[in-house]
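See below for the structure under consideration.
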Ligand SMILES: [Zn+2]
Ligand SMILES: [Zn+2]
Ligand SMILES: [Zn+2]
């Protein structure tokens, strides 16, 4: 297998090679080579984080939806932007920028500069494909980017999972309050922190 050494990442010499269509990450450490297959994006459906949806979505299908939404809007989902979105879908929980960069470097065996990753995240947020969880400084893909909606979040402080909600009543109350105060709202963040049903010990609820 021909090996392409792409860079030095965090003190490790890394590269990639492929046999047929399978790509491998290679890490060289003091004379030993560690070869790991690059896992493809999961195709199995996972439960939607929007409880109103009650559906299941596969990361591959959601990323394909993002590609077609961007094509319809005439916005460019570049390779890096797509790779960032893919990893966020794959992780399926709020992920901080540095954990994301580390996962990208591990997967693609090359360094990713924080400014380029932050710019990709800004693009994904502006396209409403990704939401930022402000209280966690983390990012999560929007469950339904095809619908115009405000994302509200419930976040479990024990397991870190988040549940996305669309609640027009909350949006309505905020709009009424803003009107009463004479505010022109450019952005509102609704994040509720607590323990999810899985993390509440039996009998404690
Ligand atoms: Zn859904
Ligand atoms: Zn959303
Ligand atoms: Zn939990």
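The values are calculated or read from the model by the stated rules, or taken from the named source; none is laboratory data. Given the structure is predicted, the values throughout are model-derived calculations rather than measurements. Note that we place each Cβ from the backbone using ideal geometry, even for glycine, and neighbour counts take in every protein chain shown.
What the table shows:
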item: Matching entry among 165, 174, 181, 152 (being in contact (Cβ under 8 Å) with a residue 12 or more places away in the chain and farther than 28 Å from residue 58 by Cβ); result: 174
item: Hits in the stretch 29-75 (condition: over 15 Å from residue 145 (Cα atoms), in contact with a helix residue (DSSP H, G or I) (Cβ under 7 Å, 6 or more places away or on another chain) and modelled with pLDDT of 80 or more); result: none
item: Condition broken by residue 148, with the remaining ones in (1) within 16 Å of ligand 3 (Cβ to nearest atom); (2) farther than 24 Å from residue 24 by Cβ satisfied; result: (1)
item: Qualifying positions in the stretch 157-192 - surrounded by 13 or more Cβ atoms within 10 Å (Cβ to Cβ) and in a strand (DSSP E or B); result: 162, 163, 164, 165, 191
item: Residue within the stretch 69-78 that is within 16 Å of ligand 2 (Cβ to nearest atom), in the same structural domain as residue 188 (by TED's automatic domain parsing), in contact (Cβ under 8 Å) with a residue 60 or more places away in the chain and in a loop (DSSP other than H, G, I, E, B) present; result: no
item: Those residues of the stretch 87-107 which are buried (at least 20 other Cβ atoms within 10 Å of the Cβ), in contact (Cβ under 8 Å) with a residue 24 or more places away in the chain and out of contact with any strand residue (DSSP E or B) (no Cβ under 6 Å at 6 or more places or on another chain), in sequence order; result: 100
item: Any hit, the stretch 133-148, residues being free of Cβ contacts under 8 Å to residues at least 12 places away in the same chain, assigned to a strand (DSSP E or B) and either assigned by TED's automatic domain parsing to the domain that holds residue 62 or within 9 Å of ligand 2 (Cβ to nearest atom) (or both); result: no
item: Looking only at the stretch 45-68, and only at residues there that are in a helix (DSSP H, G or I) and within 16 Å of ligand 1 (Cβ to nearest atom), the one that is farthest from residue 115 (Cα to Cα); result: 61
